[in-house]
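What follows draws every value from the coordinates through simple rules; no lab data is involved. Just so you know, these numbers come straight off a predicted model, no measurement behind them. Using ideal geometry, Cβ is built from the backbone for each residue, glycine included, and neighbour counts are taken over all protein chains shown.
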Amino acid sequence: MAAKISVRQRTRTTASVMILGVGSFAHSIGQALADAGSNVSTYLTRNYGHFPPSLVGPTFSRDAFPSPVPLIKKNGVEVVIPQSIDWALAPWAEDLLQSGAGIFSPTREAMRIERERDFASKLCADFKIPFPQAYVASNLLEAEKILARHPQPFVIKNPLCSPTSPIHTILCETVEDTRAWLRHVNYAEGVFLQEYLGRVEVGHIVLVSGGEIYSLVTNQEYKYAFNGNQGVVAGAPLGGLVERDPDDKYGLARKLIHPLLPWLRAANFNGPLQVTAIKRGSRWHVIEYNIRIGVTSGPMILRMLKHPAEVVLRTAQNQKLDLQFNEKLDFGCSLTLAGYGYPFIQVRSPHLPLEVDGKFDCDVWWNEVARGADQKLMSTGHRIADVIALAPRLDAAIARAYANIRKIRVVGSYFRTDIGKSLWPPGTI
């Protein structure tokens with residue numbers, strides 16, 4: 001369910017798009033492109049969140065269709081949009097690459113910048129981009145030796161990035177925190193130890209296409225589960241901000257992405273690229289690169305663009321871009337309504353009734369939500385909805401998002417009430 005707001009403009013581009021994903025990601029990206037004139041379908045890659053993308057167009061279960069490639073060929077799909085990088089490990093990945101459809105993601109060698117954390121670290125060293133000290137260990141003994149040689153707090157990550165990684169990011173702010181966590185992580189793929197640099201964090205998202213870099217937005221993700229940036233780092237952000245930034249006003253792209261241009265061209269990189277950075281002193285340091293437009297930022301970016309379908313299609317085809325933005329949509333705010341037990345996803349809850357009090361006047365994207373036998377909506381999991389508002393000013397976008405998320409009620413659910421009160425503007429805590 002998405003509100004009918006004035007920013008929706010149909011363009012001359014009519015493309016056939018298939019999204020590889022589920023939930024609010026597929027719902028939001030699909031609706032934004034459908035509103036721009038595209039024919040949208042979704043190949044469901046996970047076992048939850050199947051209902052929301054069905055509100056946009058046809059959906060196809062991986063149980064019924066072990067590979068999306070025959071569907072892509074049969075339906076003349078021109079561009080495929082993956083939700084995560086795991087598609088490259090699927091048995092049909094090479095068939096997809098050979099299908100002729102454009103992929104709104106880097107492929108092959110270019111994917112290593114996100115997939116392999118140590119590769120990104122070495123890439124930054126090669127191009128003289130600041131990156132925290134980082135080490136790889138294959139077991140607890142090696143990890144403890146690294147900590148003994150470098151007695152400082154580390155952020156603990158899996159060496160290979162994936163939604164199914166044995167280790168999800170653990171942020172340690174003291175040596176003792178690090179030592180304690182190292183005794184409890186799963187070393188199946190080893191461990192990546194990245195120097196902890198503090199909490200002054202920000203992101204910037206670009207498109208790389210036709211061998212050029214095009215800045216889109218500067219963004220902030222609120223990754224901690226609870227108000228005041230407390231609790232654990234959740235599996236997906238609890239909120240986010242974006243500022244339209246084609247001129248890279250904070251210099252993040254110039255310092256942290258543009259130096260990579262020779263490698264980007266050599267790797268035939270085309271697609272989204274997001275850098276997340278931490279500021280220590282006066283210098284921004286890369287903490288990771290991602291090759292997606294983001295669960296929170298992506299829908300806001302597509303709403304900001306005048307011709308989102310054309311931009312996605314041309315990027316997937318590795319062509320030059322002419323980015324045009326809708327006027328007066330300079331800022332966006334995204335809020336997540338989390339369900340009972342989140343972010344501790346081993347805590348389960350029953351399917352619970354979902355109530356909406358009044359009409360929405362911004363975008364609301366359902367996530368783990370389904371329609372019951374009585375045709376009423378119910379929550380079915382840990383993340384219920386993403387509420388997104390755009391406005392000429394940041395305070396107006398935040399206010400609208402909060403006014404709309406308060407219209408949704410599910411017992412045991414919650415949302416952060418402090419988005420925008422910290423970590424913004426870039427460079428502040």
Nearest 5 is fine: what % of DSSP beta bridges in the chain come out antiparallel, could you say?
80
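Efficiency by 1/(1 + (r/R0)^6): what FRET value for VAL200 and PHE344, r their Cβ-Cβ distance, R0 = 35 Å, to the nearest 0.05?
Plugging the Cβ-Cβ distance into 1/(1 + (r/R0)^6) gives 0.80.
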Hey, what do the phi angles of region 69-81 turn into as Karplus ³J(HN,Hα) couplings, whole Hz, using 6.51/-1.76/1.60 and θ = phi - 60°, x for Gly and Pro?
4, x, 5, 4, 5, 5, 9, x, 5, 9, 9, 10, 10
With θ set to phi - 60°, apply the Karplus curve 6.51 cos²θ - 1.76 cosθ + 1.60 along region 398-406 and write out the HN-Hα couplings as whole Hz, x wherever there is a Gly or Pro.
4, 4, 5, 4, 5, 4, 7, 5, 6
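Do any trypsin sites (Lys or Arg not before Pro) in region 138-175 lie in a DSSP loop with no more than 10 other beta carbon atoms within 10 Å, and if so, which? Before the final figure, lay out each step's value.
Numbers: sites: LYS145, ARG149, LYS157; in loops: none.
The qualifying sites: there are none.
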For CYS172, enumerate residues with amide H under 5 Å from its amide H, sequence gap 5+ or separate chain, H modeled in the peptide plane.
PHE154, VAL155, ILE156
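Starting from 0.36 nm per residue, how many nanometres of slack lie between LYS74 and GLU173 once their C-alpha separation is accounted for?
Gain on stretching LYS74 to GLU173: 30.4 nm.
With the Cα gyration tensor of region 159-232 in hand, give its eigenvalues times 5 under a square root as the equivalent ellipsoid semi-axes, listed largest first in whole angstrom.
Values: eigenvalues 163, 68, 27 Å².
Calculated on Cα positions only, the semi-axes equal 29, 18, 12 Å.
Can you give me the Kirkwood hydrodynamic radius for region 16-107, using every pair of distinct Cα atoms, in Å to one decimal?
Working: mean 1/r = 0.0780 Å⁻¹.
One over the average 1/r among Cα pairs gives 12.8 Å for region 16-107.
Where nothing but the Cβ of Lys and Arg (+1) and of Asp and Glu (-1) is charged, how large is the charge dipole of the chain around its Cα centre, in debye to the nearest 20?
Values: 47 positive and 39 negative charges, 92 e Å.
Its charge dipole is roughly 440 debye.
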Tell me the label-point distance for the pair ARG406, GLU189, using the 7 Å Cα-to-Cβ offset, in nm and rounded to one decimal.
4.2
Phi angles of region 229-243, converted by Karplus (6.51 cos²θ - 1.76 cosθ + 1.60, θ = phi - 60°) into ³J(HN,Hα) in whole Hz with x for Gly and Pro, give 6, 10, x, 8, 6, 6, x, 9, x, 8, x, x, 10, 9, 10
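Counting helices only, and only those DSSP H runs with n ≥ 4, report the 222 nm mean residue ellipticity of the chain as the sum of -39,500 (n - 2.57) divided by its residues, in deg cm²/dmol to the nearest 500.
Numbers: 13 runs with 100 residues, N = 429.
Rounded to the nearest 500, it is -6000 deg cm²/dmol.
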DSSP loop trypsin sites (Lys or Arg not before Pro) in region 369-399 with at most 12 other Cβ atoms within 10 Å of their Cβ, which ones?
LYS376, ARG393
